[in-house]
Amino acid sequence: PSSPEEAREMMHYAYEISEKFEEPVLFRTTTRMNHVRGVIELGDIKKPEGRIHFEKDVNRFVTVPSNARIRHLALLELIPKMRDEAEVSPWNKVIAPNKNTKGDLKLGIITSGVSFNYVMEVLNNVEFNVEARVLKLGMSAPLPEDMISEFCQENDLVLTVEEGEAYLEEFTKAILKEREIPTQVLGKRDGHFPIPMEY
């Protein structure tokens with residue numbers, strides 16, 4: 001999430017897809033999001049339908065090696081469906097900055113979380129001679145590979161702006177290499193952004 005309100009909304013979505021796929025969902029934040037305050041709108045609180053019941057299923061929940069091998073096969077079958085979910089997730093979207101950026105170079109920026117705020121602040125307050133668009137990823141594992149490929153094909157140069165390790169950069173480069181898309185991607189690995197600390 002890039003804001004407290006987004007965190008609240010995303011948590012509902014996380015529960016929905018967890019129920020849909022019957023798998024845990026990791027809700028990842030970075031330091032700045034953990035220390036931020038903001039106004040949120042609670043909305044309606046849904047009451048559970050029916051009585052809550054936990055059914056003990058040793059084969060599913062006790063991952064000793066014999067169970068884990070079977071569960072791993074089930075997970076491998078589920079991953080393509082999860083990728084399809086990432087492609088249509090409302091949290092993965094292309095955004096144009098409020099300020100008109102014009103120029104010969106088409107610049108794409110792939111980002112997620114609080115880094116999105118920094119990107120938009122720069123794009124909306126600094127003059128650039130580029131046409132810039134932002135791919136904001138809120139669901140990043142698995143990544144929406146088709147969306148990333150199409151976004152990169154539409155741009156001359158792509159920057160990845162992310163907190164922590166170069167996850168988006170590495171996977172974007174791998175996707176483009178696999179699909180033979182020549183768009184150049186710059187980020188932390190080639191020294192354009194620092195790896196340690198936070199932005």
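Can you figure out the FRET efficiency of Lys47 with Arg83, using R₀ = 25 Å and their beta-carbon distance, to the nearest 0.05? All intermediate terms of the calculation are to be shown ahead of the outcome.
Details: r = 33 Å, r/R0 = 1.31.
Calculated value: 0.15.
For an R0 of 25 angstrom, estimate the FRET efficiency from the Cβ-Cβ distance between Ser18 and Glu121 and round to the nearest 0.05.
Working: r = 32 Å, r/R0 = 1.30.
Efficiency at R0 = 25 Å is approximately 0.15.
For q values of 0.08, 0.13, 0.14, 0.16 Å⁻¹, compute log₁₀ I(q)/I(0) with the Debye formula on a Cα-only model of the chain, without solvent.
Reported log10 I(q)/I(0), two decimals: -0.34, -0.83, -0.94, -1.15.
Just to be sure I follow the definition: excluding the sites themselves, where is the longest run in the chain that has none of the GluC sites (Glu not before Pro) in a DSSP loop with at most 14 other Cβ atoms within 10 Å? Before the final figure, lay out the partial values.
Details: sites that count: Glu22, Glu41, Glu49, Glu55, Glu127, Glu154, Glu165, Glu180, Glu198.
In the chain, the maximal stretch lacking such sites is 56-126.
Longer than 30 Å from Cα to Cα, which of Lys56/Lys93; Lys47/Lys136; Lys20/Lys177; Lys81/Lys177; Lys46/Lys173 are they? Say none if no pair is. Mind dumping the intermediate values first?
Numbers: Lys56/Lys93 39 Å; Lys47/Lys136 32 Å; Lys20/Lys177 32 Å; Lys81/Lys177 23 Å; Lys46/Lys173 41 Å.
Listed pairs above 30 Å: Lys56/Lys93; Lys47/Lys136; Lys20/Lys177; Lys46/Lys173.
Restricting the count to DSSP beta bridges whose residues both fall in the chain, what percent are antiparallel, rounded to a multiple of 5? Walk me through the numbers before you get to the answer.
Working: 4 of 19 bridges.
Around 20 percent antiparallel, to the nearest 5.
For Glu198, put the label point 7 Å out on the Cα→Cβ axis and report which residues of the range 1-29 keep their amide N under 20 Å from it.
Under 20 Å, as judged by backbone N against the label point of Glu198, lie 1-11, 26-29 of the range 1-29.
Return the ratio Rg/(2.2 N^0.38 Å) for the range 25-83, where Rg is computed over Cα atoms only.
Compactness ratio reported: 1.77.
Calculate the FRET efficiency for Ser66 and Glu178 from the Cβ-Cβ distance with a Förster distance of 41 Å, rounded to the nearest 0.05. Before the final figure, lay out each step's value.
Numbers: r = 34 Å, r/R0 = 0.83.
Given R0 = 41 Å and the Cβ-Cβ separation, E is 0.75.
For the chain, what is the calculated [θ] at 222 nm in deg cm²/dmol (nearest 500), taking -39500 (n - 2.57) for each run of four or more DSSP H residues and dividing by its residue count?
-12500 deg cm²/dmol
For the range 79-137, what size does the Cα cloud have along each of its three principal axes, sorted from largest down, in whole Å?
Between the extreme Cα coordinates on each principal axis of the range 79-137 lie 41, 24, 13 Å.
Every number here is computed from the coordinates shown, using simple stated rules; none is lab data. Note that the structure is predicted; figures quoted are calculated from it, not measured. For neighbour counting, all protein chains shown are included, and Cβ atoms are generated from backbone atoms with ideal geometry for every residue, glycine included.
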